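A short write-up of the structure that comes next.
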Amino acid sequence: MNIVEFRSVWKFYDQKPVIRNISLAIQENERLVILGPSGCGKTTLLRLLAGFITPEKGDILINTELVASDGTSLKEPRDRNLGMVFQDLALWPHMTVRDNLEFGLKAQGIKPESRERRIRETLRLTQMEGYAQVRPGRLSGGQQQRVALGRALVLRPKALLMDEPLSSLDLQLKTRIQREILKLHREIGFTLIYVTHDEREAAEIGKRMVVMKNGEIERIGPTHPRC
Amino acid sequence: MTVRLAVLWIAVVILAVAGLVPLLTMFLQSVVVDGQFNLSFYAQIVTSSRQWSLLGNSLILASLTTLGTTLVGLPLGILLGKSDLPLRRTFIFLFTIPLLIPPYVTAVSWFDVLGRNGLLSKSYPSLAATTSSWLFGLPGCVLVLSSTFLPVVMILTITFLKTVNPHLEEAARLSSNWFGVLKGVTVPLARSGIFLASLLVFLLSLGEFGVPMFLRYNVFPVEAFTQFSAFFDYGAAAAAAVPLALITCLVLLLEANFLREKTYQLRPASGAALQIRLGRLRNVVFLTVSLFCIVLVLLPLSALLVQSASQAAYTEAIWRAGDSLLRSLLYAAMGASLLVLLGFATGYLIHSRALGICRSVDTLTVVLFAMPSTVIGIGLISLWNQPSTTFIYATPAIILLGYIAQYTALSSRITVSTLSQIPVSMEEAAEISGAGWLRQVALIIAPLAKRGLAGAWLVCYIFCLRDTGITMMVYPPGRDTLPVRIFSLMANGPPDLIAALCIILILCTLLPLSLLAVVIRLKRQES
Ligand SMILES: Nc1ncnc2c1ncn2[C@@H]1O[C@H](COP(=O)(O)OP(=O)(O)O)[C@@H](O)[C@H]1O
Ligand SMILES: [Mg+2]
């Protein structure tokens, strides 16, 4: 089943097209990477999907349901059941790790007992058990990554969008977190849409790869891991 | 309609009712006599040579004040914002004090230095006679208003210099000394911001009437006030206010068309700002700035203290104006709270561009801020002085509406700059987690913006507390505030009582500010 579908989507900024006629279908549970140079429109594509911005032309479907069409948004971001890890992580600095995780659960009206269970489960999955009461500012770069990942996954999203989340890490840590992401994907299962400008990272993470250039899809195909 | 849009629209409507509608009503009343369209009030003004000379006086005063504050404020802002001068924060604080108190209090304090019974007269009575006649007139007004509005130029210069990209300065440093860099790169890049500061000073000094009234220099706003308070002639007062309103709008229109774009294009600089090393000049510059600060700020304040220094004066002050003092504190606190709420909404609107009219809202707040308080006061009275609206006209509500009309720009602009420092992703992450708008605001944005909002509250509190013009025009009987009470006692009250009241007023302004400074210092030590 297609979990996400773009149909001839256009997005303009100041009359200049930033996304040009993109059509793309993404399967349930697949690992898709979007690769392309800086400024080619990767972030914009994710923000369109999340519903922060609306396409001027074209349709976007989630779970075969129309969420945006020709300039109107039909579903608010919070009703789209997506998780997102932002490029700057966007951890709320005034909340503890726990509060960061709990915020969305509360907003979705989930009962305290199941909130508790899901927070504990997520802390375990992301190996952050000891850090529930710590604020993000005190964590290392890798730990912050895990919290951001946990915050997105605790809501059990249909799809997880990641926007160059590892670009600020050193190579060693990057490799480790990549492995953890893949492990989480195997364990709990979700659709992963992963944006990067790094070909090696794309090959590590993705099964299928979309190469973008100037707001268009240049090529789609399987990734070829080195070695 | 979403909650978000509903809240934002309500804020816009409140602002319009508090600020825009009164001005329009006032304008209508000035062109309608006995139900007929009639320009007789304007005819009187245009044909009266006295009015033209008043307008001339106003423009001369405003121009000289602008010139003085810009010539001094720009280098001062550069020194305090970009150099390694010692005690920069202390200097910024001290130079800002005159802006935080009603300008006529500064006039009173200079009177205690240069006047017939002032400090100077104790040792040089004949010299004091000269300085006293010099104080009462144009030079004295320029001195007082310049020291009042110097911080406007100084603070905005510091702010705008920070927006200049340091890489551009670095590139210039490769081939030039600091003077050349400032002259060729930094100041030109911040030019529009500095120009905006000068315009603001021009408009604020054009509208000020407490100082010229006390120092007996006849200007246009005093005329509007007199027409209103002495003769109860609304139409004539309105007609006298309209030219001021027009000048304000015209000047800001020019600013909007020629400068706004450039100001907005400046992005906060990335990377650390470059610092000017004063080197061997450091001591000389430090001495000069200290001396200037002592003469301009500390000397008049000390004179005020000396003049007030008797227990009897303070006892009498509390006895005669204690009720006004309490009302002042109450109204200022209420005004500040309302202003922060409203300013948060309009600031959010301007920052997020959620409604098409966001630019107009921003412009409206700025126009209202620069509008002479006499104009706003007359406008409010024109609108609310009806039998059906005495619940506003005859209660402190009209004072609060006046605060909202004049000072929303402060809380709104502070909110905008605070919000622009919070990454959008913070809000988006909350949104994608399922939070509605109110929850996003209450749990994510407001906590992240809390320092900015607390700052906005304090600034609004201070401006409400120092407000003289609006309150003086609109206060219901028996509901005056301390600045108004002092102003009315000034005509024939004993100087030591006046000085004591002024000191009390200054303390009410500076105490919360010092408290905040202490809290910030403690927090810094903690982390
Ligand atoms: N809010 C915006 N306003 C105007 N232009 C924008 C905005 N956001 C992105 N763009 C432009 O759209 C293009 C694509 O940006 P983006 O999607 O962030 O690229 P990427 O994530 O691939 O680096 C860039 O040219 C960028 O300048
Ligand atoms: Mg990007």
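Read-outs: derived from the displayed coordinates by stated rules, not from any lab. These numbers were taken from a predicted model, which means no experiment stands behind them. Quick reminder, even Gly has a Cβ in these numbers, built from the backbone with ideal geometry, and neighbours come from all protein chains shown.
Key figures for this structure:
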item: Estimated dipole of the stretch A:1-78 in Debye, rounded to 20 [Cβ of Lys and Arg +1, of Asp and Glu -1, Cα centre]; result: 280
item: Radius of gyration and Dmax over the Cα atoms of the protein assembly as shown, both given in Å; result: 30.7, 98
item: Chain B - percent relative contact order, Cα under 8 Å, separation 6 or more; result: 22
item: Rule-of-thumb Rg ratio for the stretch B:45-306 [Cα; 2.2 N^0.38 Å; N residues]; result: 1.14
item: Inter-part distance where the stretch B:433-497 and the stretch A:158-223 are each reduced to a Cα centre, Å; result: 52
item: Assigned charges on the beta-carbon of Lys, Arg, Asp, Glu; chain B dipole about Cα centre (debye); result: 1340
item: Chymotrypsin sites (Phe, Trp or Tyr not before Pro) within the stretch B:139-246: DSSP coil, no more than 15 neighbouring Cβ in 10 Å; result: B:232
item: Residue order, fewest to most beta carbons within 10 Å, for A:180, A:204; result: A:180, A:204
item: Rounded FRET efficiency, nearest 0.05, which uses the C-beta distance separating residue B:3 from residue A:127 and R0 of 45 Å; result: 0.70
item: Inter-site label distance for residue B:420 and residue B:524 at 7 Å from Cα along Cβ, in nm; result: 2.4
item: Spherically averaged projected area in nm², based on the convex hull that wraps the Cα atoms of chain B; result: 28.1
item: The stretch B:413-505 - percent relative contact order, Cα under 8 Å, separation 6 or more; result: 22
item: Qualifying trypsin sites (Lys or Arg not before Pro) in the stretch B:98-189, DSSP loop, other Cβ atoms within 10 Å at most 16; result: B:116
item: Around residue A:197: net Lys/Arg minus Asp/Glu count, Cβ-Cβ under 13 Å; result: -2
item: Helical mean residue ellipticity (222 nm; -39500 (n - 2.57) per DSSP H run of 4+; nearest 500) of chain A; result: -10000 deg cm²/dmol
item: Cα centroid separation - the stretch A:46-96 against the stretch B:184-212, whole Å; result: 44
item: Relative contact order (percent, whole number), the stretch B:45-306, Cα cutoff 8 Å, 6+ residue spacing; result: 31
item: Residue-wise HN-Hα coupling along the stretch B:302-312, computed from phi with Karplus coefficients 6.51, -1.76, 1.60 (Hz; x: Gly, Pro); result: 5, 4, 4, 4, 4, 4, 8, 6, 8, 5, 4
item: Intensity falloff of chain A expressed as log10 I(q)/I(0), Debye formula with alpha-carbon point scatterers, at q = 0.15 Å⁻¹; result: -1.01
item: Rg to Rh quotient for the stretch A:96-156, alpha carbon positions, Kirkwood Rh; result: 0.94
item: Sorted by Cβ neighbour density within 10 Å, fewest at the top, the residues A:54, A:126; result: A:54, A:126
item: Neighbour-count ranking [beta-carbon atoms within 10 angstrom, fewest first] of A:158, A:174; result: A:158, A:174
item: Charge dipole (debye, nearest 20) of the protein assembly as shown; +1 at Cβ of Lys and Arg, -1 at Cβ of Asp and Glu; result: 1860
